[in-house]
Amino acid sequence: PRSLRMSATISKATPILFVERIERSLPFFAAVGFSKVMEVPHGDDLGFCILNDGRIELMLQSYGSLTDDMPQLNDAARGRSFLFVEVPDLAAVEAALARHTVYMPRRSTFYGSEETGYVEPGGHYVTFAQFAKVP
């Protein structure tokens, strides 16, 4: 007999980047089209926010907010994340982020993309990739 149990599915996945101060990371993400759609203060600073560019959602949370909320996770959140982001125009991203730290200069990859990588002000590594258009 076939089971009537529902299969597990995922509706959405959103990365959460933990940073010392959210305010330092906001200009980096704003430069590539993200705006803040929700925020939660933590003392005099932001403790959490949701960023969205109309298609993609990203969350930022401060270490202090995390420590107050779930102190058992404080050490785990201090690592660095790596985001791989596909973009339609890599040159536009490079122009928008010209004043930010590059960790990977533009390169062509074996899997068909042109890409470059930046360290966003919170310390996370963000790779932007433009794939060749297929005719």
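Within the accessible surface of the chain, defined with a 1.4 Å probe on protein heavy atoms only, the carbon and sulfur portion equals 56 percent.
In the context of the full set of protein chains, the chain has a per residue accessible area of 64 Å² (1.4 Å probe). Antiparallel versus total DSSP beta bridges in the chain: what percent is that, nearest 5? Antiparallel: roughly 75 percent of the beta bridges in the chain. In whole angstrom, how far apart do the alpha carbon centroids of the range 26-54 and the range 107-135 sit? The distance from the Cα centre of the range 26-54 to that of the range 107-135 comes to 23 Å.
Using R0 = 25 Å, the C-beta based FRET efficiency linking S81 and D44 works out to 0.45.
Taking only DSSP H segments of four or more residues, each worth -39500 (n - 2.57), what value at 222 nm results for the chain once the sum is divided by all its residues, to the nearest 500 deg cm²/dmol? Let's see the in-between values first.
On the way: 4 runs with 28 residues, N = 135.
Rounded to the nearest 500, the figure is -5000 deg cm²/dmol.
Suppose R0 equals 30 Å. What FRET efficiency, 1/(1 + (r/R0)^6) with r the Cβ-Cβ distance, do E23 and Y111 give to the nearest 0.05? Walk me through the intermediate numbers first.
Details: r = 36 Å, r/R0 = 1.18.
So the FRET efficiency works out to roughly 0.25.
Between the labelled values (i) 194; (ii) 148; (iii) 135, the entry that holds volume of the Cα convex hull per residue in Å³ as derived from this structure is (i).
The values are calculated or read from the model by the stated rules, or taken from the named source; none is laboratory data. Quick caveat: nothing in here was measured; it's all calculated off a predicted structure. FYI the Cβ positions are ideal-geometry reconstructions off the backbone, even for glycines, and counts take in every protein chain you see. The area values use the complete protein model at the heavy-atom level, side chains included, leaving out ligands, DNA and RNA. Shrake-Rupley method; radii C 1.70, N 1.55, O 1.52, S 1.80 Å.
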